[in-house]
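Colleague: I have a structure here, written as structure tokens, and I will follow up with some questions on it.
The values are calculated or read from the model by the stated rules, or taken from the named source; none is laboratory data. As the structure is a prediction and not an experimental result, all values here were calculated from the model. With ideal geometry, Cβ positions are generated from the backbone for all residues, glycine too; neighbour counts draw on all protein chains shown. Note: areas computed on protein heavy atoms with side chains; ligands, DNA, RNA excluded. Shrake-Rupley method; radii C 1.70, N 1.55, O 1.52, S 1.80 Å.
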Amino acid sequence: MEIKYLTEHYIPNDVLCREDQLTEIFTQIENFKRFGKGTNYVVHGRTGTGKTLLLKHICNTSGFFIYTNVLQDKTSIRILKSISGGNLKHQSDMINSILKEFNENPKGIIIDEIDRLYPYGFKELMGNLNYIYRETQIPIIVSTNQSIGSFYRQLPEDARLTLFFRELNLPPYTNEELYMILQQRLGSAEIHFEESSKLLLTAIASKEGSARLLLNMAYDCYLEQDFSESNVIKVFRRYSAKQDVDYIMENTNGTEKQVLRAILSLNNSDNNDNINSASLFKLLNIS
């Protein structure tokens, strides 16, 4: 019995309900190998729709892409260092190393959660990717949790006109798809849930269409050994509220984020007074 299979970090051998997207990407990989010109993609969709799972599966299965995640590498320089092998210090040396390696041994680049670099690191990285693509024509895939409109508004004009990103949208999972995913993970973990528990979990999680939310709910309810409707709803609300906050924070600018963080800080404090402009201005240091 391996409960780790119920976590969002486990990458199964088969990615369910994303067959069309996988087929499209693998077709473009073959086209690049035949014709030498890569097709670039921006993978977008709400949290929990399988973007990271899809990209890691492509990387693991194809053996063709170098994968990096902004959550791990944090800055545009660290991402370049990761792509170039991590031994060089100067940006120009990293880019020259990437160009030399990819012209001799072509590889694709996958950058997950690229929106976490907004605004300045994103533009710097896109400028570098634009140059790398011009010189090598290797395929580049990026993912974003933000709306596709936000992605294009941040994209430098020169990069937009060179990289010509195709959109690969991952829609929310349906009730039936979530049930299939839960069945797959339970089978891998060799854990048994009552049919009524599986149906309840997937029915409630389908309100958000998020596999991440479903797996977190299943994990918590299993540890608590409580699959009552009241507890499943309680767990759903806990994770759903956090997911909504994360999505809002990802789709706001710097000033809006400061205000939202201040409101959340006041809301989570021990002070039971209503949030008012005086307390908010004090926290934001605004006269």
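Colleague: Under 1.5 on a/c is rounded, so check that first for region 70-136, then, if it is not, pick prolate when a/b is larger than b/c and oblate when it is not; a ≥ b ≥ c are the square roots of the alpha carbon gyration tensor eigenvalues.
Modeller: prolate
Colleague: Give, rounded to the nearest 20 debye, the magnitude of the charge dipole that the chain has about its Cα centre when Lys and Arg contribute +1 at Cβ and Asp and Glu contribute -1 at Cβ.
Modeller: That gives a dipole near 920 debye.
Colleague: Obtain the nm distance between the two label points defined at residue 27 and residue 167 by a simple spin-label model: each point lies 7 Å from its Cα along the Cα-to-C-beta direction.
Modeller: Calculated label separation equals 1.9 nm.
Colleague: Using a 1.4 Å probe, what is the accessible area per residue for the chain, in Å²?
Modeller: Computed with neighbouring chains in place, this is 52 Å² per residue.
Colleague: I would also like to ask the following. Rounded, prolate or oblate: which fits the chain, taking a ≥ b ≥ c as square roots of the Cα gyration tensor eigenvalues, rounded meaning a/c under 1.5, else prolate when a/b beats b/c?
Modeller: oblate
Colleague: Let me ask you something else. Over the heavy atoms of residue 233, what accessible area does a 1.4 Å probe trace out, to the nearest 10 Å²?
Modeller: Rounded to the nearest 10, that gives 50 Å².
Colleague: Once fully extended, how much extra length lies between residue 72 and residue 180, figured as 0.36 nm per residue of separation less the alpha-carbon to alpha-carbon distance?
Modeller: 35.9 nm
Colleague: On to the next question. Just from its helices, what would the mean residue ellipticity at 222 nm be for the chain, if runs of 4 or more DSSP H residues each count -39500 (n - 2.57) and the sum is divided by every residue, rounded to the nearest 500 deg cm²/dmol?
Modeller: Calculated mean residue ellipticity at 222 nm is -18500 deg cm²/dmol.
Colleague: Measuring from label point to label point, each 7 Å out along Cα→Cβ, what is the residue 188 to residue 277 span in nm?
Modeller: Each label point is offset 7 Å from its Cα along the Cβ direction, giving 5.3 nm.
Colleague: Right, next: What pairs in 37/107; 51/100; 74/100; 4/198; 81/107; 33/123 have C-alpha atoms more than 21 Å from each other?
Modeller: 51/100; 74/100; 33/123
Colleague: Related question: Which whole-number percent is the relative contact order of the chain (Cα, under 8 Å, 6+ apart)?
Modeller: Normalised by residue count, the contact order of the chain is 24 percent.
Colleague: Now for a different question. Tell me, in nm to one decimal, what length is gained between residue 4 and residue 152 on full extension, where the rule is 0.36 nm per residue of separation less the Cα-Cα distance?
Modeller: 49.6 nm
Colleague: Accessible area of residue 93, 1.4 Å probe, to the nearest 10 Å²?
Modeller: 70
Colleague: Moving to a separate point now. Once you have a ≥ b ≥ c as the square roots of the Cα gyration tensor eigenvalues for region 82-187, tell me rounded if a/c is under 1.5, and otherwise prolate or oblate according to whether a/b is larger than b/c.
Modeller: prolate
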